[in-house]
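Bear in mind these aren't lab numbers, they're just calculated from the coordinates by the rules spelled out. Quantities reported herein were computed from a predicted structural model and do not represent experimental measurements. Note that we place each Cβ from the backbone using ideal geometry, even for glycine, and neighbour counts take in every protein chain shown.
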Amino acid sequence: MKIALILTGLAVSVAAPAAAQTWRQSQPPYAAYPGGAPAAIADQHRYETERLRNQAQANAALARQQALETRIERQRIEAARQRIDAPASAPRPLYSPEQERALREGAAERRARTAQGVGQIDAWLDRQN
């Protein structure tokens with residue numbers, strides 16, 4: 001009988017930790033959470049939404065920074081690429097009054113010859129109509 005008692009005590013002592021583990025595993029995962037499973041799930045969704053919002057804000061900030069750097073780099077490249085314009089032609093030197101008069105008369109004769117040639121073309125075109 002002593003042996004039976006010892007065996008029973010031994011069986012109970014070995015089975016007790018196994019039963020305790022089984023009992024803990026059978027509890028719902030959110031049993032200790034205030035508000036139960038719905039509140040725990042809502043909090044998880046809230047945390048995840050906040051994490052995604054923070055990630056989107058960080059991505060937007062990175063995109064703005066890269067756009068600014070791109071614009072600055074493009075301006076730097078365009079500034080380096082600009083051609084150096086040839087210096088403006090030097091102003092015409094001043095001549096004596098006689099030379100200036102000769103230049104004006106020469107320009108007037110050229111304009112008159114051009115007008116005469118254009119007038120002949122206009123007259124020819126008028127005759128064709």
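Using a simple spin-label model with pseudo-atoms 7 Å out from Cα toward Cβ, residue 30 and residue 79 lie 5.8 nm apart.
For segment 36-77, the orientation-averaged shadow of the C-alpha convex hull comes to 2.3 nm² (one quarter of the hull surface).
Distance between the modelled labels on residue 101 and residue 71, one decimal in nanometres: 6.3 nm (7 Å Cα→Cβ projection). Using a/c under 1.5 as the rounded threshold, could you call segment 53-129 rounded, prolate or oblate? The axes a ≥ b ≥ c are square roots of the C-alpha gyration tensor eigenvalues, and prolate needs a/b larger than b/c, oblate otherwise. Oblate is the answer for segment 53-129, as a/c is 1.5 or above yet b/c matches or exceeds a/b.
Between the beta carbons of residue 126 and residue 61, assuming R0 = 41 Å, the FRET efficiency works out to 0.05 to the nearest 0.05. Potential lengthening of the chain between residue 90 and residue 47 amounts to 8.1 nm, from the contour at 0.36 nm per residue minus the alpha-carbon distance.
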